[in-house]
Every structure is written in structure tokens, then in C-alpha cells.
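Before any comments, here is the structure.
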Amino acid sequence: VTGRAFAWIGIYLLLVVAPLVVLLAGPMPPGRGFWWDFSMALGFAGMAMMGIQFALTARFKRASAPFGVDIIYLFHRYLALIALALVLAHFAILWLLYEEALGELDPRVARWELTVGRLALVCFVLTVVTSEFRRFLRIPYLAWRISHVALATVGFAAAVAHIGGVGYYTDAPFKRVLWLAVTLIWLLLLVWLRLVKPWDQRRHPYRVVEVRPERSNSWTLALEPDGHAGVTRFKPGQFAWLTLRGSPFGLREHPFSMASAPERLPRIEFGIKELGDFTGEIGTVKLGEVAYLDAPYGVFSVDTYPEAPGFAFVIGGIGITPAMSMLRSLAARGDRRPLRLFYGNSSWDEVVFREEIEELAGRLDLTVVHILQDAPEGWEGETGYVDKAVLERHLPADRRTRLQYFLCGPTPMAHAAEAALRELGVPAHHIQNEIFELV
Amino acid sequence: MRRRTAFWLAMLTGVLVVLMALGFALMQPAALPPPVS
């Protein structure tokens, strides 16, 4: 897996530097001073990185498998900041040192290729700002997604037009052909992502076969494929993008961990808590309603570590869903490796899947440690938060550093648990963190 | 762990492309005056 990961990182780096290599190759037009040329190169570099952004979120299964698609989305976020900084630097240098070259701002009199450049810049800034501050700006998820795709697409198209229109560094015929090829590949990617893939999803619908209430305003939503084989395999703990009450073309999909075991395929279950606009409606979903899936994704699975001598799950609230999938699957396989489940909840009544976890503990070598913030009278278990002291009390001292850990829950909990495990001497590569708060 | 790797790979990419941009600017032959719109 590591070899494959390095190969993909190599391909990615090549793709990022390719436009700059093209820029440097062959006869170059005369330079126009260091800062001018530096600004131009920064523009090309930022542009190359923006182009890669589309490929990063295209969810290519083969390319994302060694890393987990969640981390690729995070990478996409980091890169966006760097690419934006480069493009802003490109503009800032010109604005500070060569203001006369920028000409008029008024699009009616300005050179069109400079106007589209400015349009690209505005689109890129808005794309990043609306993503980084989505919650702060209170932008609903669907509105954000539609505007994200629109802004990024318009921004990139405008940037391509800007480079082509200015044309100074792309004038050599072979450079024109290469830039045309890059643009064409980007267009094909868009068509595949926004048309071919949703079309394929629409041809492979699922039906809702059960909507079961669980504790803590949560639901189990069960789907079965309608007229096709469905997902034929997944690793327990992986997740899917689910579309309900909408077309796969409509960008209404949301990522959810699968809660059922792959042994139960073609049936797939999700554990969903009422938290937002979309999840708040789950309880009103009727049997027989159509759903669409894009699955499976992620590396948050016991099957990613088949050699591990045992597993520990550190879970907060509805973060239990991927752990349920893993526990159910390990039970179905008769796995006898030692398991620990640290499960933090606000109160005893909020413990989702409580009864089934008890039942699973009877079939597995599983020790469950409930941690309640608001414990009922007479509670003798752990209270408060999942902290270092709790982990230390319940982890076997001799095996602690060899277990594989899965952390899933609210981000502050997962961060605190990770820090606590590191303090207890658990190596970083034994700690898996599911990152599901993507925007 | 993966989070940190992603961060550093993003930084590495940024440094790499800025270095290439610097290289490009330094390698440019004789300077023409910049254009005026």
C-alpha cells in the first residue's frame, strides 16, 4: 500500500509541476524583469494547483484508496489555500509594481483577457472564503455545494481564458497544444464527474426498505439495490455518499458511514442522527423511496490492518456508526481478537445501539467502557469525557501500544483522545482518525 | 498522522512550485520593459 501511495504522490507532484515545466521548456520570449517574471510564474503555478483540485475531489477510487478519501478532501482544502496565495501573489506583485500594466478596471474599456483574470481571482477568493467560513457565514450545505462547483468551474474557465488571451508565454505552437490538452482533460473530468457518474448512479437506484428509530434522535436507514447487484463489497467502517429525495445530478448527496456489516450485503444500513436540514428529515422517509449511493470510500476499517493483534474504538455519540459496522462484521466472522470500546455520551438514554452492543459483547472478546457526562443515580461507570485517565484505566498495559485505535466523534473529542493516546505511548500510525467534518 | 502528512505534502507542493517560479524568473534572458494596458 505504501508503494502505491508514493506512486500516486509522485504522479500528483508531476501534474502540479507539469505546467511550469511546459512554461520553462523550449525557446522563451524575453523576460521583463525579475518581479514581473516571478509574478507570471506564480500565476501559472497557482493555476496548475487549481486544476489539480478538480481531480482531487473526483473520488477516483483507485487513487484515493491508499490514503482514504477524507484525507484527500482535507488535502484539497490545504492546497486551495496555497493555490489562492500564489494567485493572489501573482496579482499583488503586478498591482504593487506594475500597476499601469493592469490598465482600466471597468470591464467595458479594459482588455478582456485582464477582465477574465480579475473574474477568476474573485471566483477563487469566494470559493475559498465560503468553504473555510461556511459555518460562520451560515451557508446551508446544499447552497454551499452548488456555489462551490459553480464558482470553481467559472473561476478555472476564466483563468484558462486569461492565460490564453494574454498568450505571452503560451505563444509557441507546441505550448498552445499542451495548454489545449490540459484544458480538454479538465473539461472531460467535469463531464465525467457531473454527467457520466450521476447518470450511472441514476441507472442503479436503491430502495429504502427500513427506517428504524434509535436512541438519541437517531435512525437506522436500510437500503437495498433495485434491479441490480448493488455494492458488492466494502470494508466495515467505510462510508458512502447518500442521495435521498433528489436526483444524483442535484449535488444533494451527503457522506455517511455504513453501520451494517458487509456480510449483510446487498442490504446496507446507515446510522443517522438528526443534526441538520437533511438529517432532520430522515424520520419522514417512507419505505420504497428511491436513494442513490456512491460507495464505498475510506480507510477507517479493521480490514485495513489485518495483522493487528486487537482493536480499540474511542467513540463519541453518533460516531458509533463505523464502529458498529466493524463490530457487527467481526462478530459475523467469529473474530476472537480482543476489542475495547470507549463510548462517550451525554446520558445513558442517549447511548445509540446500547442494547445491540451488549449483545455483541457476548459474541466477541469485547470490553465496553461507557463514559457519561450526565450519569444516572447509582451509576458506577466512568463519567465526564474520554480522557487519558479513563483510557489508562481500561487499556491493558502490556498490549496498549500494539492495539490499533479508531477514533470517531466530535473533532475536539477526537483530538483530545489522540493526544491522550500519544501520551500513553501509542505510536501515531496505530491511531486512525475519521475526519468527517469536511466543510 | 494522516492529517499531518496531508499538511506537509501541501506545504511541500507550495514550496516546490514557488522554487520553480523563482527559477523561472531568474533564468529569464534580457529584460524587456513590461507592457502597459
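Quick check on this structure: which one of A:LEU184, A:LEU193 is at pLDDT below 95, in contact with a Lys or Arg (Cβ under 9 Å, 6 or more places away or on another chain) and not charged (D, E, K, R)?
Values: A:LEU184 fails: in contact with a Lys or Arg (Cβ under 9 Å, 6 or more places away or on another chain).
Only one candidate qualifies: A:LEU193.
Take the residues of region B:1-15 that are under 12 Å from the mean Cα position of the chain (by Cα) and open to solvent by less than 60 Å² (accessible area, probe 1.4 Å): which is nearest to the other protein chains (Cβ to nearest Cβ)? Explain how you work it out, then say what you get.
Of all residues in region B:1-15, those under 12 Å from the mean Cα position of the chain (by Cα) come to B:11-15.
In the following step, the residues that additionally are open to solvent by less than 60 Å² (accessible area, probe 1.4 Å) were identified as B:13-14.
Details: B:THR13: 6, B:GLY14: 4 Å.
If we take residues in region B:1-15 being under 12 Å from the mean Cα position of the chain (by Cα) and open to solvent by less than 60 Å² (accessible area, probe 1.4 Å), then B:GLY14 is nearest to the other protein chains (Cβ to nearest Cβ).
I'm told A:PRO30 meets every condition in (1) at pLDDT 85 or above; (2) within 7 Å of chain B (Cβ to nearest Cβ); (3) open to solvent by 30 Å² or more (accessible area, probe 1.4 Å) except one. Can you identify the failing condition by its number?
(1)
Go through A:ILE371, A:ILE357 for me and flag whichever is open to solvent by less than 30 Å² (accessible area, probe 1.4 Å) and assigned to a strand (DSSP E or B). Even if it seems obvious, please write down each step before you answer.
Details: A:ILE357 fails: assigned to a strand (DSSP E or B).
Of A:ILE371, A:ILE357, the one residue that is open to solvent by less than 30 Å² (accessible area, probe 1.4 Å) and assigned to a strand (DSSP E or B) is A:ILE371.
Please go through (1) part of a loop (DSSP other than H, G, I, E, B); (2) more than 10 Å from every other protein chain (Cβ to nearest Cβ); (3) under 23 Å from A:VAL128 (Cβ atoms) for A:PHE67 and return the number of the only condition it doesn't satisfy.
Result: A:PHE67 fails condition (2) only.
Report whether or not A:TRP144 is surrounded by fewer than 17 Cβ atoms within 10 Å (Cβ to Cβ) and of a type in the set (Phe, Trp, Tyr). Give the steps one after another, and end with the answer.
Details: surrounded by fewer than 17 Cβ atoms within 10 Å (Cβ to Cβ): no; of a type in the set (Phe, Trp, Tyr): yes.
For A:TRP144, the condition - surrounded by fewer than 17 Cβ atoms within 10 Å (Cβ to Cβ) and of a type in the set (Phe, Trp, Tyr) - is not met.
It is to be established whether one or more residues within region A:37-51 are assigned to a helix (DSSP H, G or I), open to solvent by 30 Å² or more (accessible area, probe 1.4 Å) and among the hydrophobic types (A, V, I, L, M, F, W, C).
no
Specify which of the listed residues (A:LYS175, A:LYS197) is open to solvent by 30 Å² or more (accessible area, probe 1.4 Å) and touching a residue at least 12 places away in the same chain (Cβ under 8 Å). Give the steps one after another, and end with the answer.
Working: A:LYS175 fails: open to solvent by 30 Å² or more (accessible area, probe 1.4 Å).
From the options A:LYS175, A:LYS197, the qualifying one is A:LYS197.
Would a scan of region A:329-342 turn up a residue that is modelled with pLDDT of 95 or more and polar (S, T, N, Q)?
yes
Residues A:GLU289, A:GLU263: which one is closer than 25 Å to A:ASN433 by Cα, acidic (Asp, Glu) and modelled with pLDDT of 95 or more?
On the way: A:GLU289 fails: closer than 25 Å to A:ASN433 by Cα.
One residue alone meets the criteria, A:GLU263.
Where residues in region B:16-37 are surrounded by fewer than 15 Cβ atoms within 10 Å (Cβ to Cβ) and modelled with pLDDT of 80 or more, which of them is nearest to A:PHE34 (Cα to Cα)?
Step one: list which residues in region B:16-37 are surrounded by fewer than 15 Cβ atoms within 10 Å (Cβ to Cβ), which gives B:19, B:23, B:26-27, B:29-33, B:35-37.
The next check asks that each one be modelled with pLDDT of 80 or more; those that pass are B:19, B:23, B:26.
Working: B:LEU19: 14, B:GLY23: 10, B:LEU26: 6 Å.
Taking the candidates together, the pick is B:LEU26.
Could you pull out the residue among A:ASP398, A:ASP387 that is exposed (fewer than 13 other Cβ atoms within 10 Å of the Cβ) and more than 26 Å from the chain's Cα centre (by Cα)?
Values: A:ASP387 fails: exposed (fewer than 13 other Cβ atoms within 10 Å of the Cβ).
Result of the check over A:ASP398, A:ASP387: A:ASP398.
So, of the residues in region A:80-135 that are open to solvent by less than 80 Å² (accessible area, probe 1.4 Å), charged (D, E, K, R) and within 14 Å of chain B (Cβ to nearest Cβ), which turns out to be nearest to the chain's Cα centre (by Cα)?
A:ARG118
Among (1) open to solvent by 40 Å² or more (accessible area, probe 1.4 Å); (2) among the aliphatic types (A, V, I, L, M); (3) within 12 Å of chain B (Cβ to nearest Cβ), there is one condition A:LEU407 misses while meeting the rest; what is its number?
(1)
Would you check which residues across region A:389-432 are in a strand (DSSP E or B) and either free of Cβ contacts under 8 Å to residues at least 40 places away in the same chain or charged (D, E, K, R) (or both) and list them?
Of all residues in region A:389-432, those in a strand (DSSP E or B) come to A:404-408, A:431-432.
Passing the criteria: only A:ILE431.
Of the conditions (1) over 25 Å from the mean Cα position of the chain (by Cα); (2) within 27 Å of A:GLN53 (Cβ to Cβ); (3) crowded, with 17+ Cβ neighbours inside 10 Å, A:GLY167 clears all except one; give me its number.
The single condition A:GLY167 does not satisfy is (3).
Taking the condition farther than 28 Å from A:LEU391 by Cβ, open to solvent by 40 Å² or more (accessible area, probe 1.4 Å) and outside any helix (DSSP H, G or I), does A:LEU287 pass? First the steps, then the outcome.
Numbers: farther than 28 Å from A:LEU391 by Cβ: yes; open to solvent by 40 Å² or more (accessible area, probe 1.4 Å): yes; outside any helix (DSSP H, G or I): yes.
It is true that A:LEU287 is farther than 28 Å from A:LEU391 by Cβ, open to solvent by 40 Å² or more (accessible area, probe 1.4 Å) and outside any helix (DSSP H, G or I).
Select from region A:65-95 the residues that are in contact with a Gly (Cβ under 7 Å, 6 or more places away or on another chain) and either in contact (Cβ under 8 Å) with a residue 60 or more places away in the chain or hydrophobic (A, V, I, L, M, F, W, C) (or both) and write down the one among them that is nearest to A:LEU114 (Cα to Cα).
Step one: of region A:65-95, the residues in contact with a Gly (Cβ under 7 Å, 6 or more places away or on another chain) are A:68-70, A:82-83, A:86-87, A:90.
Within this subset, residues satisfying the condition of being either in contact (Cβ under 8 Å) with a residue 60 or more places away in the chain or hydrophobic (A, V, I, L, M, F, W, C) (or both) are A:68-70, A:82-83, A:86-87.
On the way: A:GLY68: 39, A:VAL69: 36, A:ASP70: 36, A:ILE82: 22, A:ALA83: 19, A:LEU86: 17, A:VAL87: 14 Å.
Here the answer is A:VAL87.
Kindly check whether there is at least one residue in region A:4-20 that is within 17 Å of B:THR13 (Cα to Cα), over 27 Å from the mean Cα position of the chain (by Cα) and open to solvent by 20 Å² or more (accessible area, probe 1.4 Å).
Of all residues in region A:4-20, those within 17 Å of B:THR13 (Cα to Cα) come to A:5-20.
In the following step, the residues that additionally are over 27 Å from the mean Cα position of the chain (by Cα) were identified as A:20.
So of that shortlist, the ones also open to solvent by 20 Å² or more (accessible area, probe 1.4 Å) come out as none.
Checked against the condition, which is being within 17 Å of B:THR13 (Cα to Cα), over 27 Å from the mean Cα position of the chain (by Cα) and open to solvent by 20 Å² or more (accessible area, probe 1.4 Å), region A:4-20 yields no hits at all.
Is it the case that A:PHE60 is within 7 Å of chain B (Cβ to nearest Cβ), closer than 28 Å to A:VAL125 by Cβ and surrounded by fewer than 21 Cβ atoms within 10 Å (Cβ to Cβ)? Break it down into steps so the answer makes sense when it comes.
On the way: within 7 Å of chain B (Cβ to nearest Cβ): no; closer than 28 Å to A:VAL125 by Cβ: yes; surrounded by fewer than 21 Cβ atoms within 10 Å (Cβ to Cβ): yes.
Answer is no for this residue.
The values are calculated or read from the model by the stated rules, or taken from the named source; none is laboratory data. What you are looking at is a predicted structure, and each value in this text was computed from that prediction instead of being measured. Virtual Cβ from ideal backbone geometry, glycine too; neighbours counted across all protein chains shown. Side chains are part of the model used for accessible areas, which takes the heavy atoms of the whole protein and leaves out ligands, DNA and RNA. Shrake-Rupley method; radii C 1.70, N 1.55, O 1.52, S 1.80 Å.
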